Amino acid sequence: MTDKSQSIHGQWSSRFTFILAATGSAVGLGNIWKFPYITGENGGGAFVMVYLMCILGLGIPIMIAEIMLGRRGRQSPINTMRSLATEAGSDPRWQYLGWAGMIAGFLILAYYSVIAGWAMAYIVKDFFGSFINSDAMEIQRLFDNLMASPFQQIFWHTAFLIITMLCVMRGVQNGLEKAVRFLMPTLFVILMLLVAYAMSSGGYEQGMAFLFHADFSKLTADSILTAMGHAFFTLSLGMGAIMVYGSYLPNNVSIAKTTFFIAGADTVVALLAGIAIFPLVFANNLEAGSGPGLIFQTLPLAFGHMTGGWLFGLLFFILLFFAALSSSISLIEPAVAWLVENNNMDRPTASLWAGAACWVLGIGVVFSFNIWSDLKLFDKNLFELLDYLTANMMLPLGGMAIAIFAGWIMQPKDAEEELELPAQGFQIWQFLIKYVSPAAVFLVFLHVLGVL
Ligand code: PFF
């Protein structure tokens, strides 16, 4: 704990690389692929408002808590939770929170790598000029063909997981840091270019109104849960990913400042993606609520018609791939760190086992887009089920438990020592983490269950 100044897995070489890596974990498919399509499915502006409120009221305080726990525990989330619970004189069964997080990471990565595989397939499609001068119907057909082909999707899913595992195998400084160093600024620039294109597409005003005009009558209990779940998903919270990254953080770094930066960058990228996509949706009479294919059915249209679109398209999908990669390595890191600590494995073996498990489940996800698309449980196919179970249930509940632990179980003086906030800042954080965050998650669940 405090006597350990470093994790056995190594540590970030500086505050900057931690910011890069944590931002790399946060910014991913969640921002560019998922945020636009769930916004489309949940009616736009009001959903975006709830999402932004959740980032501020839940995401930021819980991210501070999660990094803090990680840095104080300096081990995998399972072992961190056990030793911090013991330190606080509480029940070592708090380690099950780490277990739940590790399992959530597996379940997410199983479908995350399939979608990242789509991004890789689109790098190749762009390269061969498939989008050039294509209309909405042709772009739709390209996407439908990919969906109908288990072989292609399994191929890319496998390729993506292999690359993820190769990065994870190399460890904290060599693997994780290098993967994220150049990504963020370039991604930002391309998104700005796409926004500029969208502004001239003719659907700009409609797109902006859809995104930012809040009509709360459209908001169902399930939309609120989805917005809240997405706040956790997009910031990589509630499952130990940020906790394990925090465990590699040097002691002299300000956790709160870092958190604001990460959450800010993450939100800006999501909003930019929305601003780039919805004008295209309306300008081309596409369906905003068309689901997980949304960015693959809209952005290629822009690339097919803008000057330099071939190159920008190529860069965009390469960057999307990198954004997914820097997130996927954090999804699997809690499991790898735990396998190394408790099962006497070296990092490569641990990565291999973890990757193999995700690969198998991912095959099922691929089938849920074609041969198993009619196989449904609670009216959801396997992809939808995994997404709902993790983003809408496991992450918010995990986040709530983290808030309860940091606010009620950990000694306030220990939290104060880790955070080094000015007195007032600490009080605000404590109030949010003790009362607001747990209560908000609880109330949303009651609302979904129809109790409220
Ligand atoms: N935050 C990532 C994204 O928005 O794509 C996804 C993610 C990564 C979720 C790591 C959870 C996690 F632990």
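The values are calculated or read from the model by the stated rules, or taken from the named source; none is laboratory data. This one's a predicted model, so the numbers in the text were calculated from it and none came from an experiment. Cβ placement follows ideal geometry from the backbone for every residue including glycine, while neighbour counts extend to all protein chains displayed.
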Would you check which residues across the range 320-362 are more than 16 Å from the ligand (Cβ to nearest atom), β-branched (Val, Ile, Thr) and more than 15 Å from ALA110 (Cβ to Cβ) and list them?
-> VAL340, THR349
Could you list all residues from the range 259-280 that are within 22 Å of GLU420 (Cα to Cα) and either in contact with a Phe, Trp or Tyr (Cβ under 6 Å, 6 or more places away or on another chain) or within 16 Å of the ligand (Cβ to nearest atom) (or both)?
-> THR259, PHE261, ILE262, ALA263, GLY264
The range 259-305 - residue that is of a type in the set (Ser, Thr, Tyr) and part of a helix (DSSP H, G or I) and, of those, surrounded by the fewest Cβ atoms within 10 Å (Cβ to Cβ) | THR267
Quick one: what pairs do we get from the range 91-105, first residue without any contact (Cβ under 8 Å) to a residue 40 or more places away in the chain, second surrounded by fewer than 20 Cβ atoms within 10 Å (Cβ to Cβ) and part of a helix (DSSP H, G or I), C-beta under 6 Å, 6+ apart or different chains?
-> PRO92/THR86
Among residues of the range 45-66 being of a type in the set (Val, Ile, Thr) and within 13 Å of the ligand (Cβ to nearest atom), the residue nearest to LEU299 (Cα to Cα) is ILE55
So LEU166, is it within 21 Å of the chain's Cα centre (by Cα), part of a helix (DSSP H, G or I) and more than 16 Å from the ligand (Cβ to nearest atom) | yes
Any residue at all in the range 298-319 that is of a type in the set (A, V, I, L, M), under 17 Å from the mean Cα position of the chain (by Cα), modelled with pLDDT under 90 and within 16 Å of the ligand (Cβ to nearest atom)?
-> yes
GLU341 vs (1) charged (D, E, K, R); (2) outside any loop (DSSP other than H, G, I, E, B); (3) under 22 Å from MET147 (Cβ atoms): all pass except (3)
Conditions: (1) under 15 Å from the mean Cα position of the chain (by Cα); (2) over 24 Å from ASN145 (Cβ atoms); (3) among the hydrophobic types (A, V, I, L, M, F, W, C); (4) at pLDDT 90 or above. PHE261 meets all but one. Number of the miss?
-> (1)
For the range 128-148, which residues satisfy the criterion of being surrounded by 13 or more Cβ atoms within 10 Å (Cβ to Cβ) and in contact with a helix residue (DSSP H, G or I) (Cβ under 9 Å, 6 or more places away or on another chain)?
-> SER130, PHE131, ILE132, SER134, ALA136, GLU138, ILE139, GLN140, LEU142, PHE143, LEU146, MET147
Among the numbered conditions (1) buried (at least 21 other Cβ atoms within 10 Å of the Cβ); (2) more than 24 Å from the chain's Cα centre (by Cα), tell me where GLY425 comes up short.
-> (1)
For residues in the range 58-116 being acidic (Asp, Glu) and either crowded, with 20+ Cβ neighbours inside 10 Å or within 24 Å of ALA439 (Cα to Cα) (or both), which is nearest to the chain's Cα centre (by Cα)?
-> GLU66
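Look through the range 25-44, keep the residues that are closer than 16 Å to LEU331 by Cβ and in a helix (DSSP H, G or I), and return whichever of them is nearest to the ligand (Cβ to nearest atom).
First pass over the range 25-44, keeping only residues closer than 16 Å to LEU331 by Cβ: 25-31, 33-34.
Restricting the remaining residues to those that are in a helix (DSSP H, G or I) gives 25-26, 29-31, 33-34.
Numbers: SER25: 5, ALA26: 5, LEU29: 4, GLY30: 2, ASN31: 5, TRP33: 8, LYS34: 7 Å.
Among residues in the range 25-44 that are closer than 16 Å to LEU331 by Cβ and in a helix (DSSP H, G or I), the one nearest to the ligand (Cβ to nearest atom) is GLY30.
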Looking across the range 306-322 at residues that are without any contact (Cβ under 8 Å) to a residue 12 or more places away in the chain and in a loop (DSSP other than H, G, I, E, B), the single one that is nearest to GLY207 (Cα to Cα) is THR307
In the range 190-237, which residue that is surrounded by fewer than 18 Cβ atoms within 10 Å (Cβ to Cβ) and hydroxyl-bearing (Ser, Thr, Tyr) is nearest to the ligand (Cβ to nearest atom)?
-> THR220
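Just checking, how many residues over the range 417-452 are assigned to a loop (DSSP other than H, G, I, E, B) and over 22 Å from ARG72 (Cα atoms)?
Step one: of the range 417-452, the residues assigned to a loop (DSSP other than H, G, I, E, B) are 420-422, 449-452.
Next, only the ones that are over 22 Å from ARG72 (Cα atoms) stay: 449-452.
Residues meeting the conditions: 4.
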